[in-house]
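Undergrad: Shown below is the structure under consideration.
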Amino acid sequence: MPRTISVKSATEIAQKWADVTGARASYYESETPGAAAVWEANTVAAGGTYKAGISVAGIDKRFVGGVKRAGAEKFSRKVKAVGVTRYSPGVSAAQADMAKNFADFQAVLAGLVIPDRGPRGSDANYAIVSVVGKALHTKRLAVLAATS
């Protein structure tokens with residue numbers, strides 16, 4: 001005999017999720033750091049799966065559909081509700097990472113010899129952009145190769 005599944009409303013489920021999950025910050029703080037090595041190993045091992053996933057037919061349409069489903073309203077609402085309060089602490093927490101990750105690029109920029117600047121609109125000015133762009137792109141590819 002067919003049965004139905006008794007499921008609470010989405011509103012009730014969301015309320016319980018917010019009540020219970022929001023109170024789990026101490027668990028998140030104590031347990032998450034220990035999972036970092038497992039996360040890294042599993043993520044590295046999933047490289048082929050990632051490639052297959054982003055290569056599947058219609059993935060571009062799925063991506064666009066997800067963006068449209070979330071929409072600008074949610075983006076804006078989340079920026080106001082949590083983004084603003086998390087922004088400054090996030091920047092502070094990322095300062096050491098930013099310094100570490102930018103150092104190689106800063107060294108490239110500091111070591112460049114660029115052509116003299118020309119008058120406004122001069123091709124000489126675009127040559128400066130080309131030198132800088134090529135040097136940074138080459139470094140970016142080297143960094144990506146070293147980490148893959």
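Undergrad: So the check is Cβ under 8 Å with 6+ separation or different chains; which pairs have a first residue in the stretch 106-130 that's within 29 Å of V143 (Cβ to Cβ) and a second one that's surrounded by fewer than 10 Cβ atoms within 10 Å (Cβ to Cβ) and β-branched (V, I, T)?
TA: none
Undergrad: Would you tally the residues in the stretch 55-73 being surrounded by fewer than 10 Cβ atoms within 10 Å (Cβ to Cβ) and closer than 25 Å to G83 by Cα?
TA: 5
Undergrad: Now a separate question. Filter the stretch 83-128 for residues that are over 29 Å from T147 (Cα atoms) and among the aromatic types (F, W, Y) and give the result.
TA: Correct list: Y126 only.
Undergrad: Can you work out which of the residues in the stretch 62-81 that are of a type in the set (V, I, T) and within 17 Å of the chain's Cα centre (by Cα) is nearest to V143 (Cα to Cα)?
TA: V67
Undergrad: Consider I13 against the criteria (1) surrounded by 10 or more Cβ atoms within 10 Å (Cβ to Cβ); (2) aliphatic (A, V, I, L, M); (3) within 30 Å of T147 (Cβ to Cβ): it satisfies all of them except one. Which criterion is unmet?
TA: For I13, the exception is condition (3).
Quick note: the coordinates plus some simple rules give every number you see, no bench work behind them. Just so you know, these numbers come straight off a predicted model, no measurement behind them. Don't worry about glycine lacking a Cβ; one is built from the backbone with ideal geometry, like all the others, and counts go over all protein chains shown.
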